[in-house]
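Quick notes on the structure that follows.
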Amino acid sequence: MPHTLTVRLPDTLYRAARNMADRRGISLNRLVQEALAEKAEQAVRERLERAYDVLAEDAEQADVEKYVAVQAEALLDD
């Protein structure tokens with residue numbers, strides 16, 4: 001179910017986004033959706049990378065189950 005969100009932007013940011021959307025031939029709404037989706041995916045990747053980094057620090061002493069759970073949480077985080 002789609003949700004409505006009102007965002008207040010400084011004029012310069014609005015114009016830049018409007019121009020970017022126009023150049024790409026998409027609506028401003030679609031541009032914002034894509035940007036938010038990209039940011040959310042990046043956050044998941046970063047959480048997974050941190051979990052892998054912690055696991056790699058000392059694999060012999062690491063609690064593998066704990067880090068698998070952290071990775072799963074990163075993937076399922078809403």
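What follows is calculated from the coordinates using simple rules that are stated; it is not laboratory data. The model shown is predicted, which means the values in this text are computed figures rather than measured ones. Glycine also receives a Cβ, built like all others from the backbone with ideal geometry; neighbour counts cover every protein chain displayed.
Structural remarks
- Amide H to amide H, with H built 1.01 Å from N, Leu9 comes under 5 Å of no residue 5 or more places away or on another chain.
- Neighbour net charge for Ala21 - beta-carbon separation under 13 angstrom, K R +1, D E -1: +3
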